[in-house]
1. Testing the spin-label approximation: label points 7 Å from Cα along Cα→Cβ at residue 48 and residue 20. State their distance in nm.
2. Roughly how tilted is helix 20-29, in degrees to the nearest 10 and between 0 and 90, from the longest Cα axis of the chain?
3. Among the lysines, select those whose C-alpha is under 24 Å from the C-alpha of residue 3, and discard any that sit fewer than 8 residues away in the same chain.
4. Just the Cα atoms of the chain: what Rg and Dmax do they give in Å?
5. As I understand it, the value is the acute angle between the Cα axis of helix 3-16 and the longest principal axis of the Cα atoms of the chain; what does it come to in degrees, rounded to 10?
6. With runs of 4+ DSSP H residues as the only contributors, calculate the mean residue ellipticity of the chain at 222 nm using -39,500 (n - 2.57) per run, divided by the residue total and rounded to the nearest 500.
7. By count of other Cβ within 10 Å, fewest leading, how are 35, 28 ordered?
Amino acid sequence: MAKDSMEWLEAIASRAKVDINRVESVLTARHIVPTPVLPAPRRMKLLSLSFSGAKQG
């Protein structure tokens, strides 16, 4: 199992005060999996924009 999944299971087990194996079996039986958290999109602020050349057409 992945490290993040193990951390997730450990967090649930500690809050529920039960064994990690019990948590894993219950979540597996109910088809519950952790959803990955996507990072916030990065924004780019343009302070200046310039073009050069000659227009054709």
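Each reported figure results from applying straightforward, stated rules to the coordinates on display, with no laboratory input. Everything numeric here is computed off the predicted structure, so don't read it as measured data. Neighbour counts run over all protein chains shown; Cβ positions are idealised from the backbone, glycine included.
1. Taking the two extended label points, one gets 5.5 nm.
2. The angle comes out at about 70 degrees.
3. By straight Cα distance, residue 3 reaches 17.
4. My reading of the Cα-based Rg and Dmax gives 24.4, 73 Å.
5. Long axis of 3-16 versus the principal axis of the chain: about 50 degrees.
6. Computed ellipticity for the chain at 222 nm equals -13000 deg cm²/dmol.
7. Ascending Cβ contact count within 10 Å gives the list 35, 28.
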